[in-house]
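Okay, structure first, notes after.
The values are calculated or read from the model by the stated rules, or taken from the named source; none is laboratory data. Remember, it's a predicted structure, so these values are computed and weren't measured experimentally. Positions of Cβ are backbone-derived with ideal geometry, glycine not excepted, and every protein chain shown enters the neighbour counts. What goes into the accessible areas is simple: the full protein's heavy atoms, side chains included, and nothing from ligands, DNA or RNA. Shrake-Rupley method; radii C 1.70, N 1.55, O 1.52, S 1.80 Å.
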Amino acid sequence: LAPWLSPVGEHPWLNQRAREMPEGQPDYVCACACGEVKFDLYGEPIECLESSCYCNDCTTAAVYMDEKAKQEGKKNMTMRTDDGGGVGVSCWMLGNMSVSKGKNKLRGFKLSAGSKLCRVYTSCCDTYIILVGNSGAPRWRGFNRNCITRADGSPFQPKQITKVMGKFASKDVWDKLPPENKYPLIPWGILPRVLSITFLPFLFKGAIVTVSDEDRRVPGLFVDRETITELVPPETYITAGFDLPKSAVKPTGT
């Protein structure tokens, strides 16, 4: 999922006000397991980004948070899919979301010191709640689909889920998945829309927002990834069923 959510640099139009934050009741709520952190979500998710990512990085990040919760005696809401081999993500535009509770409980972590992606969890219950959230990320946030309900508390049911990044998935898990809506990387058909949202934001409701100085320091919103010090131990990849990434393999002597 990294090609969808990797940083693309700071955008000057992030400081332009295209619209006020939504008013009234949200359409959906994303809440951590203990309810101390909540996001109000307005409108429908970005349909072309409704996905389950099976790459080694995203899955390892989810395993790390699940193991962290166990070690700390907390009950979290996993981001992992029912088959355990991927993570479920639903995306909303930045202008169509707001933190309604627990902003001070959001924390960031990275897979390595050099990672460009800041992943986000809640300190109250160790729920991995936002796939990627840092200052250079595009104009949406991918939320833990297992944490989302409709505003009235009824289940959130995506219209269609695309399974992506099979090239980097656990072969045992990926080969057992049904063949429908299943891609080794990402479906090329979504790229025009993703690029349009990124580089032509004025065409999309909620794509341009005003970012306060306070929110620029909040993990999950616009935190500087260089300030994040919590790192996933490399051996977590092994726990998650993957090989160590090349960056974590120490060269052997000759």
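Structure notes:
- Being open to solvent by 30 Å² or more (accessible area, probe 1.4 Å), of a type outside the set (Asp, Glu), over 15 Å from residue 29 (Cα atoms) and more than 11 Å from the chain's Cα centre (by Cα) holds for only one residue in 103, 74, 110, and it is 74.
- When the strands (runs of 3 or more DSSP E) confined to the stretch 131-242 are screened for residues that are open to solvent by 30 Å² or more (accessible area, probe 1.4 Å), those reaching at least 2 such residues are found at 148-150.
- Residue in the stretch 220-229 that is among the small types (Gly, Ala, Ser) and modelled with pLDDT of 85 or more present: no
- Scanning the stretch 41-59 for residues that are in contact with a Leu (Cβ under 8 Å, 6 or more places away or on another chain), surrounded by fewer than 24 Cβ atoms within 10 Å (Cβ to Cβ) and part of a helix (DSSP H, G or I) yields a single hit, 57.
- Test for residue 85: is it open to solvent by 40 Å² or more (accessible area, probe 1.4 Å), assigned to a loop (DSSP other than H, G, I, E, B) and among the small types (Gly, Ala, Ser): no
- For residue 15: the one exception among (1) out of contact with any helix residue (DSSP H, G or I) (no Cβ under 6 Å at 6 or more places or on another chain); (2) at pLDDT 85 or above: (2)
- Contacts under 9 angstrom Cβ, first residue in the stretch 131-146 being over 12 Å from residue 219 (Cα atoms) and in contact (Cβ under 8 Å) with a residue 40 or more places away in the chain, partner acidic (Asp, Glu) and open to solvent by less than 10 Å² (accessible area, probe 1.4 Å), 6 or more apart: 145/50
- Any chance residue 95 is more than 15 Å from the chain's Cα centre (by Cα) and open to solvent by 10 Å² or more (accessible area, probe 1.4 Å): no
- Output for the stretch 98-126, where each listed residue is in a loop (DSSP other than H, G, I, E, B), under 15 Å from residue 144 (Cα atoms) and modelled with pLDDT under 95: 118
- Matching residues, the stretch 130-162, being in contact with a helix residue (DSSP H, G or I) (Cβ under 6 Å, 6 or more places away or on another chain) and β-branched (Val, Ile, Thr): 132
- Residue check, residue 69 assigned to a loop (DSSP other than H, G, I, E, B) and surrounded by fewer than 24 Cβ atoms within 10 Å (Cβ to Cβ): no
- Among (1) open to solvent by less than 20 Å² (accessible area, probe 1.4 Å); (2) in contact with a helix residue (DSSP H, G or I) (Cβ under 6 Å, 6 or more places away or on another chain), the one test that residue 123 misses: (1)
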